[in-house]
1. Note the full-extension length gain between Ser207 and Lys241 as 0.36 nm times their separation in residues minus their Cα-Cα distance, in nm to one decimal.
2. On C-alpha positions alone, give me the angle between the axis of helix 24-37 and the longest principal axis of the chain, in degrees, nearest 10.
3. Give me the number: length gained by fully extending Arg169 to Tyr72, i.e. 0.36 nm times residue separation minus the C-alpha to C-alpha distance, one decimal in nm.
4. If you filter the stretch 104-152 for GluC sites (Glu not before Pro), then keep DSSP loop positions with at most 14 other Cβ within 10 Å, what is left?
5. Could you tell me whether the chain comes out rounded, prolate or oblate from its Cα gyration tensor? Rule is a ≥ b ≥ c as square roots of the eigenvalues, rounded for a/c under 1.5, then prolate if a/b exceeds b/c, otherwise oblate.
6. Report ³J(HN,Hα) in whole Hz for each residue of the stretch 217-231, in order, from the Karplus equation J = 6.51 cos²θ - 1.76 cosθ + 1.60 where θ = phi - 60°; Gly and Pro get x.
7. Under the Karplus relation 6.51 cos²θ - 1.76 cosθ + 1.60, θ = phi - 60°, what is the ordered set of whole-Hz ³J(HN,Hα) values for the stretch 10-20, x standing for Gly and Pro?
8. Considering only protein heavy atoms and a probe of 1.4 Å, how much of the accessible area of the chain is carbon and sulfur, as a whole percent?
Amino acid sequence: SPFVNDGSLTVNDWESRGSLSHQASRILMKILWCARLCRPDLSKAISDLTRRLTVWSKADDMRLHRLMCYLYGSKDFCLTGVIADPQETLVLACYTDADHCSSQEDTKSSSGMFMCLEGPNSCWPLSWSSRKQSATARSTTEAEMISLGSGLFSEAIPMQEFLEQVFDRKVELRCYQDNAAVIQIVEAGYSPKLKHMNKTFRINLGSIYECFKEDEMMKLLYIKTTSQKADPFTKPLPVAKWGE
């Protein structure tokens, strides 16, 4: 796993200036390029570190060392995809997930997204992301809703339109969520429990509702957390689960 166990980091580690503070940006940019190009397993770890450049600490030294050790031990890893079905059977799958306020540095949640072409015997990775949300979510449902909106409008819909031009046909978009409450709220169009959300996020919810209601080629489906492909982009998974 590329992650340091948070329990091994002390308060002093977070407050002490790291010895790699002056070299960190040069190192991280190389890893970031690799993560965006062909190593989605690095996305969460590297995105966490790039946000720490201006406040680099001893804890970040330890996390970067762990990431480099993981890179050295996994240098033979490569991104693979399989297309073993007719083009007419392929659909666009977008997995979105969120981790609610688990970071030690702040109260903001992380959004994760993984998108691929899928068929009965096919899975071809197209894009992925791990991003810190711009505002604090007050519940897991709110964090998941923000992640869904970000993945849908920033990545999935533009990719759906592109594939329809390439395939010269309508392409079905399936968005997968492991939070049943999010699906219920989207189907209803609104929830009084989310009345505290600011204007931007309420507009986001209304837009999501209209997309799935008006377009029959867009579906929001439930998936078990164990099968959620966006899970590794939201939180440091324990070593026992990372290999899965």
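The values are calculated or read from the model by the stated rules, or taken from the named source; none is laboratory data. Please read all numbers here as calculations on a predicted model, not as lab measurements. Every residue, glycine as well, gets a Cβ built from its backbone with ideal geometry; the counts of neighbours run over all protein chains shown. The protein model used for the area step is the full one, side chains on, heavy atoms only, and it has no ligands, DNA or RNA in it. Shrake-Rupley method; radii C 1.70, N 1.55, O 1.52, S 1.80 Å.
1. Fully extending the segment from Ser207 to Lys241 adds 8.8 nm.
2. The answer is roughly 30 degrees.
3. Details: separation 97, 0.36 × 97 = 34.92 nm, distance 4.36 nm.
Net length gain for the segment: 30.6 nm.
4. Glu105
5. On the way: a/c = 2.26, a/b = 1.38, b/c = 1.63.
Judged from the Cα gyration tensor, the chain comes out oblate (a/c at least 1.5, b/c at or above a/b).
6. The phi angles translate into 8, 10, 10, 10, 10, 8, 9, 5, 4, 5, 10, 6, 6, 8, 4 Hz.
7. Rounded to whole hertz, the list is 9, 4, 5, 4, 6, 8, 7, 5, x, 6, 9.
8. Details: 7010 of 12850 Å².
Reported share for carbon and sulfur atoms: 55 percent.
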